[in-house]
Structure formats: C-alpha cells, structure tokens
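Encoded as structure tokens, the structure appears first; notes follow it.
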Protein chains: 2
Amino acid sequence: MAFAVAREKSEFLYQQVINLVRQMRDQGLLQPGQKLPSLRSLATKLSVSVPTVKQGYEELERLGEISARPKSGYYLSVVQATNSAPRRARLSNKAVPVKRQSLIEQVYEAIHTPGVLPLGIANPVAAHSSEKTLARTMRRVMNQAGQTAINYGPMDGFAPLKRQLALRYLDFGVPVDPAELVITNGAQEALAIALQCVAEPGDIIAVESPCYFGILELIESLGMMAFEIPLCPDDGIWLDDLSATLEQQTIKACIFSTAISNPIGSLMPEDNRKKLVALLESYNVPLIEDDVYSDLCFTEKRAIPAQAYSQKKQVITCASFSKTAAPGYRIGWMIAPKYIEKAKRIKRALSCSSSLINQWTLSEFIASGDYERNVQQLRRTLMINRDRMIASVKQEFPPNTRISCPRGGGVLWIELPSGQDAVDLFYKALNEKISIAPGAIFSPSNKYSRCFRISYGLPWSDEVEKAIKTLGQLAYQGIEPSRARTG
Amino acid sequence: MAFAVAREKSEFLYQQVINLVRQMRDQGLLQPGQKLPSLRSLATKLSVSVPTVKQGYEELERLGEISARPKSGYYLSVVQATNSAPRRARLSNKAVPVKRQSLIEQVYEAIHTPGVLPLGIANPVAAHSSEKTLARTMRRVMNQAGQTAINYGPMDGFAPLKRQLALRYLDFGVPVDPAELVITNGAQEALAIALQCVAEPGDIIAVESPCYFGILELIESLGMMAFEIPLCPDDGIWLDDLSATLEQQTIKACIFSTAISNPIGSLMPEDNRKKLVALLESYNVPLIEDDVYSDLCFTEKRAIPAQAYSQKKQVITCASFSKTAAPGYRIGWMIAPKYIEKAKRIKRALSCSSSLINQWTLSEFIASGDYERNVQQLRRTLMINRDRMIASVKQEFPPNTRISCPRGGGVLWIELPSGQDAVDLFYKALNEKISIAPGAIFSPSNKYSRCFRISYGLPWSDEVEKAIKTLGQLAYQGIEPSRARTG
C-alpha cells in the first residue's frame, strides 16, 4: 500500500500522521476496530521518526479516534462520535447564584429508589467491582489492627495511605510531598475545603460549562457565585474564553477538571494544561482541579494533574477513590502545597478526621497492587461499555441527537434534537423506572435544557440496553408534537 | 437508728432527703462506697412518699454524691469532689474571634505521637472496647451486602440506621422522625452543618465556658464569633448569665451540651434544661446541642436531650458514635426538625454521603442490642475509672488543686494552685511522654491558664497511675519557685 500525504510547510509533522489516519478511515481503508499500521512501518512510509508517529497516534487517542491496547498496538475506535458532540452553549457573561436544588434532589431520590435503573448517577466502579478484593483487604486490616481499627486516626489522614498516594503520583512522574496532602471525606469535602482555602462568600468562582452539579451546589452553599467557562468536548476549557474572562471579571478561583470533565468527558491536551496553569498564575488565580477521573483516562498514558505544572504552588488537586474503587468508603484527598496549613485547620474544624478503617483498607489495597490491577480492568470495561452505549444511543434515538465521545470516566452527555426538553424526559423515564440526570442541573443559568447525562458505569446488560431503547422511544415521542405541527 | 431532720416550711420535701444523706455522710454515719437506706425504709423514717425519696436520691446522683447500681440500690460515692471543683472564671463581656490554633495542633500531634500516653484526648471508648463485636458485625455486613457495601449510600443517611436511632430515642421517650435526621461524618460535621443552618459569617454564637476546642475552631473556621457563657460545674449553663447576655447581645445561636459538657462534665438538671429551651425560644434563638456524651451519663436515668422540650422546633441535636462505640468510623447524626431541608442540602454540598459500610455496621450493632450492652459496660467502667483518677489526683497533686467531678463522659478538668501555668505543664508532661490538654485551648479569651483536661477513658493501668504521679510531681515543681520566694 502506498500513501499519498499532502505536506504543508507550516504543518507539524505529527499532524501528517493524524491526517493520514483520518484519510484512511474516511476512505474505508481502515475499518472501525481494525489495527493501525505499526509505529515503525508508518514512520518508514512517511519518512518521519517513530516518536513523531507516536505523537500523532497519542493525539488521535486523546481525541477518542483510535485506542491503544497494551502490548498490541493502536486500533481505530469503533465509535467515531467526535463530530456529533453536543455543541458549545452560548453562555451569559454574568456570574449567577446557583439554584437548581429541587431538581437535584429528585435526581438523587430517583437514584436511590428501589427498582429504578440508576443511569443518572456517575458510578463507574459498578462496571468492574473491586468489592471482593476490598472486603478481603478490610478483613485482613481488622485482624491486624485490633482496637486501633476503631480509634480516631490523625486529623490530616492515615500516614501509610498518604505515602501510598505520594508513591502513585511519583509513578506518573509527579512528586508529591505527603506532608502537603490531606485525607478527606471524598473529593467533595476536598473541594469544600479547597474553596474555603482560597475564596470567601460573595467571591466569583469560574467553573466549566456544563459543570458537575455537586460543584455548583457547593459554591452556592458557601455563598459564592459561579461563572461559566465553556468547554470544548475535545480539548476542555477554551483558553481564549478563560483569558477574556480573567481580563474582564474578578475571578477568585477556578474549579476545572483538566483530565476528564464531568459530564462532557473532555481531556485537555497536555500543552493546554500547561498553558492553563501559566495563564492562571499570571493572574494570580488559584486553580482547584477536580481530578477524580484521571485514573480512568482512556488514553494509554495517564493524564498528568495540572498540579505538576504549577510554579507558584497555587494549584489544589482534589481526588478520591469514589470513581475507581469504593464510592461508599467516602475517602478522598487534596494536595495543597501553598494552602496546607489552612486546609488542615479547615478539615479539622469541618469533620475532624476521616474513617480510619476505610483509609487503612485503601492503603493496603494500593500497596498490594490490587488498586492498579482493578483500575486497569475497570478502564478496559468502561471503554467497551462506552462504545456499546454510544452505538446503542445512535441506533435508538431520533436523528440529530448529538452524543459526546468521552475520553475517560463513565458518563455520556447527550443533546436531544431542537424543541425537546430533557427535564421532561427525566420525568417520563422515571415513570419507566429509569433515572437520568437532566442537563439543567449542570448549569447555574439553566442552560442545557435539551441535554442529559447517562452512565455507562453499570455492567452491560439486557436491562441497560432495553433502557436505552426506552429512552430513545421517549425521545421520539418528544418530537412528535412538532412533527404534527409541521406535517 | 433515728434521724433528726430539720424541716423548714419553704423547703422542698426532697431537699430533706438530700440534707439527711449529707448529714449522715458528714457525721461519718455513711462511709464512701456504703449502701444508702432503701427508698422504702427512708420514706417511712422521714414520713414522706417513696417518690420523694427517689427524687432526692436522683438529685444527689446527678450531683455525683451518690451513685446507683442497677438492681442493688444507691451507694455513697467514693469521691466527693463537688466542693473542690474548678471555679467559675470571670469572663469578658465581649465576643472574641477564636485563635489558639498552634497549641491545638500541638495537642493533636502529641496524641498521635507513638509512645506518648494519650491522656489529652477525650476517647472514652478505649475504656471498654467494642472492637471485637464491631469487627464481627462488619464482617457479617460485608457478607450480606456484597457489592452494595462499597456503593454510595443515600445523601441523608442509610435508612435502617436512621430508623434504629429513632427507635433508641423513643426508648427514652423522645419521638424523633427519621425524616428529620441526617447522618453525618461524626458530630463535628453535624455541628458544622447546624451552624451553617442558623448563622452566617460575622454572627455571634454563645458557647459554654470552658468549651470544647473543636467547637471554637469550627466557629472560627466559619468566620463567626464566640461569646462565652460561664458553666456551673454542677448545673451547667447559668441561666441568669445567659438571660442577661440575651438581653444585651445579639446572639444568633447557642451551642451547649446540656447533658454532659466537655471538659467540665456538668449535667443540667432536667428542670433547667426545660427553662433553657423556653428562654432561648422566647428570644427566638436556636439551640444547637452537642449531645455526644448523653449515653455516658452516670445517672441511672439517661438525660433527655433538650430537643424533647422544644416547642418551636428550633433545637438541633448533634451526636455521634465517637464517644460510645467507634470514633474512627466517623459516623454521627443531627436532628433538625425546622432546618431539615437546609441541613440535607449543606450535607450534600459538604461531603455527599457518609461511609455506607460504617453506617450499616452501626445499624446492625444497635439492632442486635450490642450497642446498648456495650454502653452500659462502658459507663460502669468509666465511673470506676473516674473515681480512681480523682483519688489519684487528690493524692499526687499539690494542695489547693481543684478537681471536677464529672457527671458522665470520660474527662477530668483540673485547676492547678495559683501561680501555675498548665501550658507549661503540657510541655513538661510531653517531655515525660504524657499528653494532656491545657485549659487555654478551651477558651477563645485565654482563660483557664491554670487548668487542664485529662482523660480517664483509657483502661486503668499502672502506666496511667504512674502518669498521674508524674503529672503531680511536675505540678509540685511548678510551685517550688514561689515557695522559695515565700520561704
């Protein structure tokens, strides 16, 4: 096979690789699921270096167009959803107080109603349960620890767990001082403490749009204001928009997920992540990164937290085990180099320490290697589930439905055709014993009325497949009135 | 034996019973540890009714002068410390911002330093460990729950635990609607949520003086101000002082422990508790009650939470399992009838839900009766430890050392003779590998410099006894310079 590659002088070399793969795909030379040429063979064919091909492949992988399988190579993704991703919303240029509580309460209630399929909750752990290994570990810890297992642990966290976390960060090349790390009650408490470290009631916090509703609720609860920065489904935060906002508004802090955002599933390119940190530090604005999904990146190389690029130590990384191991253990952490003393004081005042036995169990779970094994399997399962669910939504939903192609994590973001209302769909779905998360709760300014979030974090089953079918039928019903009007 | 009782017309009948017992004691007719006359025999002798004698005995019990042994009767307390309780501090009449953090940090650090005897922490659970029963229960729960054990629980708490708690309250005659109850990460998070339900930054919160330093830290962390109301070692909050304060200051809310206060161990008489609630409701001031110790009252009848007397539903009860079963599980709760919707929202925003497996285990622990059995044994052990420690302090410390006689809980509050500094003692004790909690951290206005708190919640041992001896020697050293001056 010979490949014709149009070269432009200004073009990065690796862009040629990307163009070539896309060309082969569009021409049907590469079929979904088919293996890509090896790095070496393509390098030879294009007369470029192996690292250049690698760079091109990694970028395609980040964009979800191809995926890596360990020790095997790169494969064309089964689902190519990039171009049908939900559109960027037009956002207001005002900071707004957050008010969507009643709907959020109903979403949570639906999730915990027996007999209702919980597609509305972001709970990827269910896809590949670590329950048995964790239970075994906890039994062992109870035997070892005796009386100590029920005692108060240190306020800032169980030292061995802090060490294990620091070692993990070191594995991806990010040195973290355990003394700058505080164990919290999940990432939510970490975010609560982080916000209180850097901002006060009345302050404006820049958030992603769409934004995880738990963050919006937190900002409201602390009497702060949210300012929405639009997300690009591929690249995450639009740096130009952010830059313009920083110029025009007094932003006290940002809460972003630079690795995998929730609900949209974007992954910032490493270069953008560096630029983001530099931009914020030039304005002296602290970045709080909600990093709960970075262990679930579908790229071969795990995303490096923005923390690693900070010069001024103004990045606070918040994360947890809730999306990767044990949501119900409620153990998270924060890395807050500049604000550590304040963070420790606030943690102590808010809830003293976190559950010692849960910390201890998770510490052993990492140390034994079980955590990493579990996360790897979970990632593989989630990738398969994602592709299945995208395919299923494509098949069952009305034309012009737009679907995200998440780069990791466990949720899809879906935009219904114009004229439809996702809150309406939420209620109709609940009647059918299916919970979804309507888009309205992901914005303080009532954007995303046509969008909703569903989880592919349940084990794939006929029930899930049937639920997608039912949701699709409900979505078809939603467009009938307008059809009737035009017909 | 014949008893001569001086009757005064205005005197309550039960006061005669009290006077008689004290007279017998002072005359040596009743020895410490000796059994008191039965209710019936004393009623006959005094020509009063059995309930009147019972009322007098209960009052003496509340005051710590006698104690009840189930199915046996009443006994003269071994230690009669009432009259040597630390004195009421002269308090400023200004609200003050709270600042004692560095010392608090050192106290916590000392507690968690290996090899240091943790007398500085209030951890009564250690006296009679429930660890084995809890471990067995947790194993059973893991077997039953499977995958569910690691999942997210409902935001406001695991329903069976809420039901078990409501049933327990019903046992002491307090009806609690589980829907008005939220499970939290320990009582500390409950207090944090409660404060945010009723007050805002800048508001003044009335606290007990001396006050548990965790509450002072919380008030500071939320940007509020603390106003100290003096405690009577016997009767708790002085209602006259509180009434005057309410007249003069804009108090936004109160945080009191009407059952057992920390560190002083006072127990408000039931009548005062009723008056307290009525007084606060007449000023429309919400009461947050820190009720973590009420299951550890040394009176035969468990203290009823102030919640029970509320007409306006403005009392928020905060409690936990940390002082009675498993501090390290970090499970507490709050009852907030009037503020329940706000409380649920704040809990969700602060930390989502609490550890499901820990909640589940505690729920089974109550349902099986193990909790109540454990608490009863713990109370007995703590009473014995208290008396031992008071006796030991009396023997080892300089004359004019004043000692509290706690009505429950697990800590003693000790006032050194004049001229001494308890922070100094804290550092000297730490050199000897003993941690204590210096009085300075229990007041935002640097009161109680001569006081310190020690726990009798460790199993009684030679090590504990030796530590008291060492502390006593250090206290003697502290007074030597002034002796030298006067000598």
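Quick notes on this one:
- Just one residue in the set B:GLU58, B:GLU109, B:GLU105 is modelled with pLDDT of 85 or more, in the same structural domain as B:PRO399 (by TED's automatic domain parsing) and out of contact with any Pro (no Cβ under 9 Å at 6 or more places or on another chain); that residue is B:GLU105.
- Pairs, first in a loop (DSSP other than H, G, I, E, B) in segment A:50-67, second of a type in the set (S, T, N, Q), C-beta under 7 Å, six or more apart: A:LEU63/A:THR82; A:GLY64/A:SER77; A:GLY64/A:THR82; A:GLU65/A:SER77; A:GLU65/A:GLN80; A:GLU65/A:THR82
- Restricted to segment B:115-137, and to residues there that are small (Gly, Ala, Ser) and over 23 Å from the mean Cα position of the chain (by Cα), the residue that is nearest to the other protein chains (Cβ to nearest Cβ) is B:ALA135.
- Candidate set from segment A:170-190 (those that are without any contact (Cβ under 8 Å) to a residue 60 or more places away in the chain and either assigned to a helix (DSSP H, G or I) or within 11 Å of chain B (Cβ to nearest Cβ) (or both)); member that is nearest to B:GLY186 (Cα to Cα): A:PRO178
- Unique residue being among the charged types (D, E, K, R), surrounded by fewer than 17 Cβ atoms within 10 Å (Cβ to Cβ) and more than 30 Å from A:PRO70 (Cα to Cα) when the list is A:GLU432, A:GLU396: A:GLU432
- Cβ separations smaller than 7 Å between residues 6+ apart or across chains give no pair from segment B:108-135 residues that are free of Cβ contacts under 8 Å to residues at least 24 places away in the same chain to residues that are in a loop (DSSP other than H, G, I, E, B) and of a type in the set (Val, Ile, Thr).
- Number of positions in segment B:138-164 that are more than 8 Å from chain A (Cβ to nearest Cβ), in a helix (DSSP H, G or I) and either crowded, with 22+ Cβ neighbours inside 10 Å or of a type in the set (Phe, Trp, Tyr) (or both): 3
- Taken over segment B:357-369, the criterion of being of a type outside the set (A, V, I, L, M, F, W, C) and within 12 Å of B:MET138 (Cβ to Cβ) is satisfied by B:ASN358, B:GLN359, B:THR361, B:SER363, B:GLU364.
- Scanning segment B:298-314 for residues that are over 14 Å from the mean Cα position of the chain (by Cα), of a type outside the set (Lys, Arg) and not in a helix (DSSP H, G or I) returns B:GLU300, B:SER310, B:GLN311, B:GLN314.
- Of B:SER320, B:SER355, all but one fail to be touching a residue at least 12 places away in the same chain (Cβ under 8 Å), of a type in the set (Ser, Thr, Tyr) and more than 8 Å from chain A (Cβ to nearest Cβ); the exception is B:SER320.
- The set of residues from segment A:278-297 being within 16 Å of the chain's Cα centre (by Cα) and surrounded by fewer than 24 Cβ atoms within 10 Å (Cβ to Cβ) comprises just one member, A:CYS297.
- Residue in segment A:325-341 that is within 14 Å of another protein chain (Cβ to nearest Cβ), under 25 Å from A:LYS132 (Cβ atoms) and either without any contact (Cβ under 8 Å) to a residue 12 or more places away in the chain or acidic (Asp, Glu) (or both) present: yes
- Selection count where residues are more than 12 Å from chain A (Cβ to nearest Cβ) and within 18 Å of A:GLN196 (Cβ to Cβ), scope segment B:206-238: 1
- Within segment B:100-137, tally of residues that are touching a Leu at 6+ places or on another chain (Cβ under 6 Å) and outside any helix (DSSP H, G or I): 1
- For segment B:100-118, the criterion of being touching a helix residue (DSSP H, G or I) at 6+ places or on another chain (Cβ under 7 Å) and within 19 Å of B:VAL375 (Cβ to Cβ) is met by no residue.
The values are calculated or read from the model by the stated rules, or taken from the named source; none is laboratory data. The model shown is predicted, which means the values in this text are computed figures rather than measured ones. Please note: Cβ atoms are built from the backbone with ideal geometry, for glycine as well, and neighbour counts cover all protein chains shown.
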